[in-house]
1. What does a probe at Ile181 reach in the range 106-141, counting residues whose amide N is under 12 Å from the point 7 Å along Cα→Cβ?
2. Which of Ile317, Ile297, Ile74 ends up with the largest GNM mean-square fluctuation for the chain, with Cα atoms connected below 10 Å?
3. Suppose R0 equals 51 Å. What FRET efficiency, 1/(1 + (r/R0)^6) with r the Cβ-Cβ distance, do Asp4 and Ser85 give to the nearest 0.05?
4. In nanometres, what is the gap between the two model label sites at Gln55 and Ala218, each 7 Å from Cα along Cα-to-Cβ?
5. With angles folded into 0 to 90 degrees, how steeply does helix 67-85 sit against the dominant principal axis of the chain? Use alpha carbons for both and round to 10.
6. For Rg and Dmax of the Cα atoms in Å, which listed value, (i) 19.9, 59; (ii) 20.6, 67; (iii) 21.7, 67, comes from the coordinates shown?
7. Which of Cys314, Cys32, Cys264 moves the most in a Gaussian network model of the chain with Cα springs under 10 Å?
8. Which residues make up the longest stretch of the chain that has no GluC sites (Glu not before Pro) in a DSSP loop with at most 12 other Cβ atoms within 10 Å?
Amino acid sequence: MTADLIARARAGEGEAFAELTEPYRRELQVHCYRMLGSFQDAEDALQDTLLAAWQGLGGFTEARASLRTWLYKIATNRCLNALRSARRRAAKEWDVPKVEPPEPTRLGEVVWLQPYPDDLLEGAAGAPPGPEARYEQAEAISLAFVTALQVLPPRQVAVLLLRDVLGFHASEVAEMLEVTIESVNSALKRARAGLQHRLAPGDGRQPPPAAGSPAEEALVARFVSAWESADLDALVALLTDDVFVSMPPIPFEYQGRDVVARFCASLFGAGRRFDLVPARANGQPAFGAYLRAPDGIRHGTGLYVLTLTGDRICAMIRFEASALPWFGLPRSLPSR
């Protein structure tokens, strides 16, 4: 069946090419997202990959690699090209009217990051990870993991994802990147060390409650109640001592319960009140935040993604309101 589709696609039949590549589209998009840290850039890279595959199908031979491996080779190199040519995106200044946040704990290294909708992850499992894989798929789409990748050199990111997330053999990765096996092994060793350094603060934490479990639902409900009522004491009670808040592309980062409490207090100041609409991003609970206006209209101000540990919240990332449509959320809500 695959051979027939390939023959028809090589003859210029677009429907055959679409049928041939459709099973891999979503997993390739997730791979591009992990590399680029951007939902929009991942979609662009996926389209570039499919165009290159369509144009280069005549050079594909199943004797050398499977179609899936060949597509991953194209996608990985398209992402590497994008990373090499990309200009450093500028950080954005704080722009929330009439809100003075506290002095940030530090300015973040990763200012360009976007969330990935869980609805799209359902078709992204693809083939089971190979025997070389070291990360669970849920862990490898988490915001902590994707954020940590963004500070590694691009080649190291590619090698780590292909080896430790997707489980390709070193020889396959070497062929994809057109380098030696020794170069792959060296890059993987450095990537693992760099990633471990970035993820180390999470060591010793309790695992999050299972997605959709009563424990997760209870914790999320408490958060929603505290946030919508601007009950700062109830909100602070849900946070770990080392809770972390960031808000790309604004570089402000806050670490620690006291300073995060002051940040939340600044958002609630002057009587500002919000309604939260649930979503899921990167395998984590998320919410569209809507500011209640005097005329009753509620305007979308951002998307919040929570990281849970046990029965507490250990991180919260605020993304811009431009992300709301990716999650099927409107820019504004009518008055009640």
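Where a number appears in this text, it was derived from the coordinates with a stated rule and is not lab data. In this text the structure is predicted, and so the values were computed from the model without any measurement. Every residue, glycine as well, gets a Cβ built from its backbone with ideal geometry; the counts of neighbours run over all protein chains shown.
1. none
2. Most flexible of the set in this elastic network: Ile297.
3. It comes out at approximately 0.85.
4. The two pseudo-label positions are separated by 5.7 nm.
5. Around 60 degrees separate the two axes.
6. (iii)
7. Fluctuation is largest for Cys264.
8. Numbers: sites that count: Glu62, Glu93, Glu109, Glu122, Glu136, Glu178.
The longest such stretch corresponds to 179-336.
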